[in-house]
Amino acid sequence: MVEAQHVGKRFGTKVAVGAVDLAIPQRAFFGLVGPNGAGKTTLMRMMVGLLRPDAGNVRILDRWVWPDPAPVKDIIGVLPDDLRLFERLTGRELLTYLGLLRDLPRTTVDERTADLLRTLGLEADGNTLVADYSTGMRKKVALAAALLHAPKVLFLDEPFESVDPISARVITEVLGHYRERGGTVVFSSHVMDTVERLCDHVAIINAGSIARSGTLDEVRQGQRLDDAFADAVGAPLHSTGELGWLQG
């Protein structure tokens, strides 16, 4: 479904992603995890056509992303980590605008917009400006925008960050339904419990390289995912002895 072949990116002398190979099977719920600055967002941006790699390429459903990413964007949905939305539009207007921008028929746009707002719990706020949305509402309307054109693959960068438990549950249910209908989900997260609960495949990235990748059980190797993660990235255990001055 998704295959990264020797994908690499430098920023000056810093290697952000170094010759990464990654294979994501169809209908997988694939978690990409790593420490801050490990290269998760950079890799994902290259995979979806937002950042040109210095080396290598990405193939999605037998279509190469580079050098021309436009055709691939018809079959993928993206929820970026930095939610730059048109804040002076209402949620309904935002989805309508994006649907028409993709040349979907107006009747299709209206029907899907209504369905998504209702399913994601935004129906009552469909005519509210995005500028007045909470973080959770912004995440949900951005997810609606990513789903509007019925993509084959969803790329979600930290979809649950700063989201309240109710919104997180709604997003999880929508993603589960999407997978049941044949979709593939690729998402990055720092929360190991969330990845362990949702994902069937995981890749751990550290310092721009894949430390482990495979099914959840293959990556865990009989451990909890957070322990496997710590082992894979070589995270030292720090003693709290120096904080003996802390008192309750």
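List of remarks:
- Counting only protein heavy atoms and a 1.4 Å probe, segment 159-239 has 53 square angstrom of accessible area per residue.
- Using alpha carbons only: equivalent-ellipsoid semi-axes of the chain, gyration tensor based, whole Å: 32, 24, 17
- Mean accessible surface per residue for segment 38-105, computed with a 1.4 Å probe while every protein chain stays in place, in Å²: 52
- Apolar share of the accessible surface for segment 3-60: 48 percent from carbon plus sulfur atoms, 1.4 Å probe.
- For segment 117-192, the set of GluC sites (Glu not before Pro) satisfying both a DSSP loop assignment and a count of at most 15 other C-beta atoms within 10 Å is given as Glu161.
- Note on segment 174-248 and segment 19-53: Cα centroid distance 14 Å, given to the nearest whole angstrom.
- Largest first and in whole Å, the equivalent-ellipsoid semi-axes of segment 2-110 read 29, 17, 13, each the square root of five times a Cα gyration tensor eigenvalue.
- Electrostatic tally near Gly183: other residues with Cβ closer than 10 Å to its Cβ, Lys and Arg +1, Asp and Glu -1, net +3.
- Result for the chain in a Gaussian network model with C-alpha springs under 10 Å: among Pro105, Pro35, Pro151, the largest mean-square fluctuation is at Pro105.
- Model label sites at Ala124 and Thr215, defined 7 Å from Cα along the beta-carbon direction, differ in position by 4.4 nm.
- Anisotropy class of segment 102-192 from Cα gyration tensor, a/c 1.5 cut: oblate
- Under the criterion of Cα pairs below 8 Å and six or more residues apart, the relative contact order for segment 103-248 equals 15 percent.
- Residues of type lysines that Lys73 reaches as a straight line, Cα spacing below 18 Å, ignoring anything fewer than 8 places off in the same chain: Lys152
- On the beta carbon distance between Val15 and Glu242, with R0 = 30 Å, the FRET formula returns roughly 0.35.
- Within the accessible area of segment 151-198 (1.4 Å probe), percent carbon and sulfur: 51
- For Ser209, the solvent-accessible surface with a 1.4 Å probe is about 50 Å², rounded to the nearest 10.
- Label zone of Asn57 (point 7 Å out along Cα→Cβ, amide N under 14 Å): in segment 1-23 this covers 3-8.
The values are calculated or read from the model by the stated rules, or taken from the named source; none is laboratory data. Since we're looking at a predicted model, the values are computed, not measured. Using ideal geometry, Cβ is built from the backbone for each residue, glycine included, and neighbour counts are taken over all protein chains shown. Accessible surface is based on the protein model in full, side chains and every heavy atom, while ligands, DNA and RNA are left aside. Shrake-Rupley method; radii C 1.70, N 1.55, O 1.52, S 1.80 Å.
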